[in-house]
Amino acid sequence: IIHTGLAYVCYFGSMSDLSGQSIGLMSYLDPVIAIIISISFLHEPIHTMQLLGACLILGSTLANELLGE
């Protein structure tokens with residue numbers, strides 16, 4: 001509930017201020033936000049594959065934002 005709920009509050013709350021392309025890219029950030037919340041608030045350990053996945057998601061989102069416009 002905490003992971004998905006907070007991610008979707010951020011997602012739907014930002015829709016009115018962003019372009020369609022940015023809204024589409026924000027949908028990919030849900031897993032990254034879940035990992036950050038797990039580490040920060042629930043004190044769960046982070047594994048190498050989680051860190052690698054988060055870097056891939058954030059890197060591809062950034063590349064799409066910079067090169068897609």
Residues other than ILE37 with Cβ under 13 Å of its Cβ, Lys/Arg counted +1 and Asp/Glu -1, net out at -2
Points 7 angstrom from Cα along the Cβ direction at THR4 and LEU62: gap in nanometres? 2.9
Average accessible surface area per residue within the chain, 1.4 Å rolling probe, Å²: 72
Can you tell me the 0 to 90 degree angle between the C-alpha axis of helix 2-13 and the longest principal axis of the chain, rounded to 10? 10
Candidates ILE37, ILE23, ILE46: whichever shows maximal mean-square fluctuation once the chain is modelled as a Gaussian network with Cα springs under 10 Å: ILE46
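The values are calculated or read from the model by the stated rules, or taken from the named source; none is laboratory data. Because the structure is predicted, anything quoted here is derived from the model rather than measured. Methodologically, a virtual Cβ is constructed for each residue, glycine included, from the backbone with ideal geometry; neighbour enumeration extends over all protein chains shown. Keep in mind that these areas ignore ligands, DNA and RNA; they rest on the heavy atoms of the full protein, side chains included. Shrake-Rupley method; radii C 1.70, N 1.55, O 1.52, S 1.80 Å.
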